[in-house]
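The values are calculated or read from the model by the stated rules, or taken from the named source; none is laboratory data. Since this is a predicted model, take the numbers as computed values, not measurements. Every residue, glycine as well, gets a Cβ built from its backbone with ideal geometry; the counts of neighbours run over all protein chains shown.
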Amino acid sequence: MRISVVETLAEVLGELDEESMVSRHGVEEEKPSADEKHSLLEDSALSLLPRLISLAPDCPAAQSVIDSVTTQSRPKEVLLALSEALAHIEEELVRGHGLSDDEDEHEDEQSEEDLLEQLVLIVEAHAKCELQMI
């Protein structure tokens, strides 16, 4: 279900390629303007980025939405959201190496490969955010 939400968000933002959009609905849909996109994403970094980053290994559409949020949101919010996502990775690594006392609660641990992919996304998003601030 989460992947469907990310794909729908990518579609709304016009991040899917023409072929994907036509195949999902049978008709070509109009992409939002840059102003509409900015209005949708300006204040969304804190609520979207940490979740999108955690879903990215399983959802190819997440990368394009992450890029849009990173470039359209306020840089300060983006950096805070990336810090939150990084903290999540740290928690997962602690759980994965048996350093946590409550192992039974965390059955849906992510693989180290997924965590590495998320870390790469965070670094890339941070670089894009820094470029926006220049």
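Within segment 50-68, if we keep just the residues that are surrounded by fewer than 18 Cβ atoms within 10 Å (Cβ to Cβ) and in contact (Cβ under 8 Å) with a residue 60 or more places away in the chain, the residue that is farthest from residue 122 (Cα to Cα) turns out to be 57. Taken together, the residues in segment 50-88 that are touching an Asp or Glu at 6+ places or on another chain (Cβ under 8 Å) and polar (S, T, N, Q) amount to 4. Out of 42, 7, one residue alone is closer than 16 Å to residue 128 by Cα and either in contact with a Leu (Cβ under 9 Å, 6 or more places away or on another chain) or modelled with pLDDT of 85 or more (or both). It is 42. When only residues in segment 13-31 that are within 19 Å of residue 72 (Cβ to Cβ) and either in contact with a Phe, Trp or Tyr (Cβ under 8 Å, 6 or more places away or on another chain) or surrounded by 16 or more Cβ atoms within 10 Å (Cβ to Cβ) (or both) count, which is modelled with the lowest pLDDT? Restricting to residues being within 19 Å of residue 72 (Cβ to Cβ) and either in contact with a Phe, Trp or Tyr (Cβ under 8 Å, 6 or more places away or on another chain) or surrounded by 16 or more Cβ atoms within 10 Å (Cβ to Cβ) (or both), the top hit is 16.
What tally of residues in segment 85-96 results from selecting those that are among the β-branched types (Val, Ile, Thr) and buried (at least 18 other Cβ atoms within 10 Å of the Cβ)?
First pass over segment 85-96, keeping only residues among the β-branched types (Val, Ile, Thr): 89, 94.
Of the ones still in play, those that are also buried (at least 18 other Cβ atoms within 10 Å of the Cβ) are 89.
The qualifying residues number 1.
Look at residue 99 and say whether it is at pLDDT below 95 and out of contact with any strand residue (DSSP E or B) (no Cβ under 7 Å at 6 or more places or on another chain). It is true that residue 99 is at pLDDT below 95 and out of contact with any strand residue (DSSP E or B) (no Cβ under 7 Å at 6 or more places or on another chain). The residue that is modelled with the highest pLDDT, among those in segment 69-84 that are buried (at least 22 other Cβ atoms within 10 Å of the Cβ) and either in a loop (DSSP other than H, G, I, E, B) or small (Gly, Ala, Ser) (or both), is 81. Contact map, segment 104-130: residues that are loosely packed, with under 11 Cβ neighbours inside 10 Å paired with residues that are modelled with pLDDT under 95 and assigned to a helix (DSSP H, G or I), Cβ distance under 8 Å, separation 6+ or inter-chain. Pairs shown: 113/57.
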